[in-house]
Amino acid sequence: MSRLIDSYNRPIDYLRISVTDRCNLRCVYCMPAEGIPLSESENILRYEELLRIADIAVRHGITKIRLTGGEPLVRKGIVEFIEKLAKLKGLEDLSLTTNGVLLKEFAFQLKKAGLNRINVSIDSLKPDRFYKITRGDFLNKVMEGLEESEKVGLSPVKINCVVIKGFNEDEILDFALLTKKKPYHIRFIEYMPFEVEEGWQKEKCISTSELVGIINKFQELIPLGNQEKRTGPARRYKFKDGLGEIGFISPISDHFCGSCNRLRLTSDGKLRTCLFSDEEIDIKGALRSGCSDKELEDILFNAVRKKPEKHFINDNIFKKCSRTMSFIGG
Ligand code: SAM
Ligand code: SF4
């Protein structure tokens, strides 16, 4: 079977599926307090439609699928959907990104359904600050969700932490130190520009080297993997006595476009080949007009061919993405 390879010779083997645009939190950098206008439910791809696209994608070289949103755990039937996805022959890695609010009650069922691992988003370990950023008083629940995920073997448990200068950079060490007590993988993520957040400024981003410097002052970080030739977006490290690891994802200051292997599917049925490009390729229309598998394949291949060489955040022509992360699927 032919493989999905883009015009710059990058093999595309990673599909991110946003299963919903709904969410039970309102993080300030992702959604306004009143929420965003949501898609009508008939405009959201049904599970059988998602499964059909995933099946075709896996037959053409996708080996990793991540489910995201919005908040994927608020969509009814998510466990049964995962159970079906996990059975796709050729799929090697099935993961999910969640805000963790419902994780404690779902962790066991997710593992049993065939989910391999989980990313949980936490930007502060202080309840009042957690509330300020998410507009939800759920830090304890999220921490319980982490424990439960570890217990049931959703491994590794990764923590996504968006670092914003002047907001939470004083907690970097607290997050890093968690990896001494727990086998968690902390991923510090650079704050990215989306239209919802008027306050985004480049100055609020903290570069990987600054973050590494802050942690190194406390204890030396040992580099993992090949720092020059990365295989994933994160620069990875650990403490000598760490159980987990610490990674840095810097799409702005240290972009990884050269090795980008991703394709995204939005909950309303659009393919996106770059997080920061507003170009979308509709797949829902074809699906709902009774197209053949061959036609769906062609849409996937055409989309991949259009994948841009890199994003333009650091260039003058860049403008903020007009859709929020909750829509695109972060
Ligand atoms: N609701 C789930 C969650 O919060 O993990 C999944 C969807 S959320 C859009 C996925 C990830 O995008 C989260 O880790 C979130 O912190 C991140 N995110 C959202 N807006 C962002 C921004 N402006 N800059 C950096 N990361 C962002
Ligand atoms: Fe919801 Fe995740 Fe966006 Fe926060 S980052 S509002 S949890 S979708």
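A few comments on the model shown:
- For Asn140, the stated conditions hold: it is away from ligand 2 (no atom under 14 Å from the Cβ), at pLDDT 95 or above, over 21 Å from the mean Cα position of the chain (by Cα) and not hydrophobic (A, V, I, L, M, F, W, C).
- Looking across Ile17, Ile82, one residue alone is in a strand (DSSP E or B), at negative phi, buried (at least 22 other Cβ atoms within 10 Å of the Cβ) and within 16 Å of ligand 1 (Cβ to nearest atom). It is Ile17.
- Here the condition is being crowded, with 19+ Cβ neighbours inside 10 Å, among the polar types (S, T, N, Q) and within 13 Å of ligand 2 (Cβ to nearest atom); of Asn168, Asn119, it holds for Asn119 alone.
- Some residue of the range 63-78 being within 28 Å of Met192 (Cβ to Cβ), basic (Lys, Arg) and within 16 Å of the chain's Cα centre (by Cα): yes
- Scanning the range 90-113 for residues that are under 14 Å from Leu154 (Cβ atoms), within 16 Å of ligand 1 (Cβ to nearest atom) and among the polar types (S, T, N, Q) yields Ser95, Thr97, Thr98.
- Of all positions in the range 203-224, at least one carries a residue that is modelled with pLDDT under 90, among the hydrophobic types (A, V, I, L, M, F, W, C), within 16 Å of ligand 1 (Cβ to nearest atom) and closer than 23 Å to Leu275 by Cβ.
- Here Leu271 meets the list (1) assigned to a loop (DSSP other than H, G, I, E, B); (2) in contact with a Leu (Cβ under 7 Å, 6 or more places away or on another chain); (3) not basic (Lys, Arg) almost entirely, failing just condition (1).
The rows are residues; the columns are (1) at pLDDT below 95; (2) more than 16 Å from ligand 2 (Cβ to nearest atom); (3) more than 19 Å from the chain's Cα centre (by Cα); (4) in a loop (DSSP other than H, G, I, E, B).
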| position | (1), (2), (3), (4) |
| --- | --- |
| Lys229 | yes, yes, yes, yes |
| Asp254 | yes, yes, no, yes |
| Ser277 | yes, yes, no, yes |
| Lys294 | no, yes, yes, no |
| Phe301 | no, yes, yes, no |
| His311 | yes, yes, no, yes |
| Phe318 | yes, yes, yes, yes |
| Ser326 | yes, no, no, no |
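The values are calculated or read from the model by the stated rules, or taken from the named source; none is laboratory data. None of these values were measured; they are calculated from a predicted model. Methodologically, a virtual Cβ is constructed for each residue, glycine included, from the backbone with ideal geometry; neighbour enumeration extends over all protein chains shown.
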